[in-house]
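Scroll down for the structure; my scribbles are underneath it.
The values are calculated or read from the model by the stated rules, or taken from the named source; none is laboratory data. These numbers were taken from a predicted model, which means no experiment stands behind them. Methodologically, a virtual Cβ is constructed for each residue, glycine included, from the backbone with ideal geometry; neighbour enumeration extends over all protein chains shown. Note: accessible area is taken over every heavy atom of the protein model, side chains too, but ligands, DNA and RNA are not part of it. Shrake-Rupley method; radii C 1.70, N 1.55, O 1.52, S 1.80 Å.
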Amino acid sequence: MVNVAILGFGTVGSGVAEVLTGHESSIERKAGGLIRLKYILDVRDFPDSPFADRFVKDFGVIESDPEVDIVVETIGGAGVALDFTRRALEAGKSVVTSNKELVATRGCELTQLAREKGVCYLFEASVGGGIPIIRPLSQCLAANEILEIYGILNGTTNYILTRMIRAGITFGEALAEAQERGYAERDPSADVEGHDACRKICILADIAFGRHISPEQVPTQGITGVTLADVDYAESAGKKIKLLGRAIRREDGRVCAYVAPHLVDESDPLAGVEDVFNAISVRGDAIGDVMFYGRGAGKLPTASAVVADVIDVARNMGHRRALCWEPGGENAAGGADGLKSRWYVRAAAPAEGLRSALGGGKLLARRESGGGEAACLTDQALTRGQLEERLAGVEVCSALRVLG
């Protein structure tokens with residue numbers, strides 16, 4: 001028998017308890033033995049919960065119990081969750097988590113600690129929610145040298161952009177709708193400013209390229225500046241706006257990683273990823289391009305990924321699978337300044353003046369021109385620095401990279 005303790009009884013933690021106890025027979029068959037939920041740690045009281053007899057408020061109870069084999073951390077953040085994770089690993093217990101912030105910022109340290117203690121630190125649910133990506137990236141694609149990872153990594157922003165595109169409503173209206181539906185938090189900054197996607201692309205880059213990439217090294221731009229004018233101009237060019245996280249292996253061994261809105265061609269599979277769905281593309285030198293698609297968040301999709309890691313640990317008790325990477329440092333990553341791409345530019349300038357400043361390009365039209373503005377797609381692939389040089393003296397309203 002394998003005993004599990006869950007830290008935190010919020011959306012994900014309660015979902016994990018529900019899946020573990022609701023699918024006991026199938027989980028036992030897949031794990032090769034019974035998995036029992038022994039403890040749930042939470043400072044709140046849940047007297048009406050079917051798990052009421054399993055709640056504790058002192059982590060020391062879990063830490064000192066030799067029968068607890070796996071700790072599931074769903075508290076979130078990098079405060080008390082870090083302390084409890086370290087203590088669990090030090091006590092010889094494997095840890096499974098959905099905590100993207102903790103993995104992105106301290107994952108290198110925690111995976112190394114797990115390896116030293118002969119236990120596991122697994123985090124499939126930290127990036128794609130219910131989408132399997134960590135295990136395929138570290139195992140199924142292990143024969144490849146990964147060249148690039150990019151994708152739609154945040155369901156909230158994808159929902160907002162989808163509503164702006166399909167319903168023609170403003171960013172503010174789409175955000176309010178997302179909050180009403182429970183897709184966005186009361187404070188949505190982690191999503192709409194791109195921080196959530198930043199943490200996720202860091203984790204993917206860590207595994208793909210083998211060195212720690214800190215969120216502080218990843219330039220991040222959210223979608224708060226995207227307007228209906230940008231949506232209309234993009235549509236006129238046969239493109240859609242998507243918030244993408246990207247990590248690219250450079251020839252010098254460094255990683256180019258960043259998060260920003262992009263114009264994506266309507267023929268690209270990513271353009272068809274709508275609402276709260278996510279999609280992650282991986283480019284390997286042997287396999288080429290593969291894409292993983294599904295719900296990137298939610299109670300049961302995320303819980304299913306957490307429980308899959310629990311089963312993995314239980315099935316391989318005594319045969320620890322190390323998943324770790326090396327420390328990074330200042331030279332591990334660079335932003336996208338040197339990355340060349342075509343650009344979409346909207347500016348308060350005459351159309352021909354804008355095109356001339358850009359050295360040519362395709363002028364775009366929209367249904368209701370605001371007057372006194374123009375938009376253009378560059379013909380040439382330029383770095384951001386080259387683009388800014390050409391636009392010196394031009395009042396730029398928006399400048400977004402074009403994918404591809």
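Structural remarks
- One entry in [x] 21.7, 70; [y] 22.9, 74; [z] 25.8, 85 is Rg and Dmax of the Cα atoms in Å calculated from the shown coordinates; its label is [y].
- Amide hydrogen neighbours beyond the local backbone of residue 151, cut-off 5 Å, H modeled: 245, 281
- In the range 1-150, the C-alpha radius of gyration followed by the widest Cα-Cα span (Dmax) gives 15.7, 52 angstrom.
- Solvent-accessible area per residue, Å², over the range 352-404 with all protein chains present [probe radius 1.4 Å]: 52 Å²
- With the charge dipole of the chain set up from +1 on Lys and Arg Cβ and -1 on Asp and Glu Cβ about the Cα centre, the Cα lying farthest toward the positive end among the listed residues 127, 325, 290 is that of 290.
- Here the range 29-149 is assigned +1 on the Cβ of each Lys and Arg and -1 on the Cβ of each Asp and Glu. Its dipole about the Cα centre then comes out at about 300 debye.
- Distance between modelled label sites at residue 142 and residue 109, nm, 7 Å Cα→Cβ extension: 2.8 nm
- Cα pair distances exceeding 18 angstrom across the range 293-404, given as percent: 66 percent
- With only the Cα atoms considered, the range 195-282 has a convex hull volume of 113 Å³ per residue.
- For the range 140-205, the spread of Cα positions along each principal axis, largest first, Å: 45, 24, 17
- Computed accessible area, residue 236, all protein chains, 1.4 angstrom probe, square angstrom: 60 Å²
- The stretch between residue 319 and residue 265, if pulled fully straight at 0.36 nm per residue, gains 14.9 nm over its current Cα-Cα span.
- Solvent-accessible ranking of 73, 145, largest area first, probe 1.4 Å: 145, 73
- Comparing mean-square fluctuations of 78, 336, 167 from a GNM of the chain with C-alpha springs under 10 Å, the top value falls on 167.
- Dipole magnitude for the chain: computed about the Cα centre from +1 point charges on Lys and Arg Cβ and -1 point charges on Asp and Glu Cβ, it is near 660 debye.
- Fluctuation leader among 225, 335, 393 - the chain, Gaussian network, Cα springs under 10 angstrom: 393
- Rounded to the nearest whole Hz, the Karplus-based 3J(HN,Hα) values (6.51 cos²θ - 1.76 cosθ + 1.60, θ = phi - 60°) of the range 285-298 follow the sequence 5, 9, 8, x, 9, 10, 10, 10, 9, x, 6, x, 7, x, with x at glycine and proline.
- Accessible-area order (highest first, 1.4 angstrom probe) of the listed residues 340, 299: 340, 299
- Pairs beyond 29 Å (Cα-Cα), from 30/242; 57/299; 93/200; 239/299; 200/340; 57/117: 30/242; 239/299
- Seen through its C-alpha gyration tensor, with square-root eigenvalues sorted a ≥ b ≥ c, the range 1-75 comes out oblate because a/c lies at 1.5 or above while a/b is not bigger than b/c.
- Highest-fluctuation residue, 379, 206, 191 considered, GNM on the chain with Cα pairs under 10 Å: 379
- Within the chain, percent of DSSP bridges classed antiparallel, to nearest 5: 65 percent
- Proximity of backbone amide H atoms, modeled 1.01 Å from N, is registered between residue 130 and 297, 302 at under 5 Å, excluding neighbours fewer than 5 places apart on the same chain.
- Ranking 230, 337, 69 by solvent-accessible area of protein heavy atoms (1.4 Å probe, all protein chains present), from largest to smallest, gives 337, 69, 230.
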